[in-house]
Every structure is written in structure tokens, then in C-alpha cells.
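For reference, the structure is listed below as C-alpha cells.
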Amino acid sequence: MSSGNETQSEYPTPLDNSPWEVTPQEVHKLVHKGEDFLLLDCRTSMEWEDGSIHNAIHLPLQQFSTRFNEIETHREKPIVVFCKSGNRSVIVAKFLQLAGFRHVRSMSGGYEQWLTIATANGAS
């Protein structure tokens with residue numbers, strides 16, 4: 001059975017074959033190329049209100065266990081999880097993988113690093 005890693009997508013390989021994290025630079029490329037993936041913001045509501053990445057779905061870590069069903073339909077889609085600095089997103093990414101989501105990554109450096117990359121590239 002094929003692992004699905006032979007696709008032509010530039011999305012990084014599944015977690016079971018490589019590291020947990022993807023860089024903000026890689027995510028920036030995916031966003032601006034219009035790749036089909038789920039961007040999951042697990043920060044608090046207060047952090048979310050300060051800004052987020054375009055088209056991200058907000059699912060705070062504190063509400064994750066009660067709202068998990070909201071992303072169930074995205075089980076086969078690549079998922080990138082991010083938080084403020086990259087710590088909470090690793091927790092969510094590991095949980096998702098244990099729940100059977102195979103194409104999951106945590107964005108290293110979180111939203112703080114994303115802002116640095118987006119600003120340098122003239123986007124938000």
C-alpha cells in the first residue's frame with residue numbers, strides 16, 4: 001500500500017516519515033500558491049483577535065477536546081497547526097496524529113515568526 005508521499009504537492013511528508021515541524025517560510029509558500037490544506041490556529045481567543053493568518057480556522061487548545069469534531073471532515077487533508085510561538089501547536093499536532101490524521105505539522109516559531117516572514121514578504 002502506498003504511503004501517499006509520491007504526490008506532486010510541495011506539502012511536507014506525513015509526520016510518521018519526517019519531523020513534526022514545518023517552517024513559516026514553507027507555510028508562506030503554501031498559502032500564496034493556493035495549496036489545499038487546513039491552517040489551524042490553536043491560540044486563545046484574545047490572541048486570535050489580535051490577528052491571524054488568512055483563511056485559518058480558529059480552534060483554541062483549551063476548547064480542542066470539545067470542538068474536535070469541527071475538523072473531522074479534514075482528516076485526509078494536510079494540516080498545519082500554529083500557536084503564538086510553536087509550543088501548543090506541537091501538542092495539537094501530536095494529538096491529531098494519534099487520532100488518525102496523517103498529514104499534520106506544527107509551524108515552528110508560531111504566529112510570531114509568521115509575522116516576521118509575512119512582513120519581510122510584504123504580506124500579512
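The values are calculated or read from the model by the stated rules, or taken from the named source; none is laboratory data. The shown structure was predicted, so the numbers you read here are calculated from the model rather than taken from an experiment. We place every Cβ from the backbone using ideal geometry, glycine too, and count neighbours over all the protein chains shown.
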Exactly one of (1) modelled with pLDDT of 90 or more; (2) crowded, with 17+ Cβ neighbours inside 10 Å is unmet by Glu112. Its number? (2)
Given (1) closer than 22 Å to His28 by Cα; (2) free of Cβ contacts under 8 Å to residues at least 12 places away in the same chain; (3) surrounded by 13 or more Cβ atoms within 10 Å (Cβ to Cβ), where does Gln63 come up short, assuming only one miss? (1)
Would you point out which residue out of Lys77, Lys84, Lys94, Lys33 is modelled with pLDDT of 95 or more and of a type in the set (Lys, Arg)? Lys84
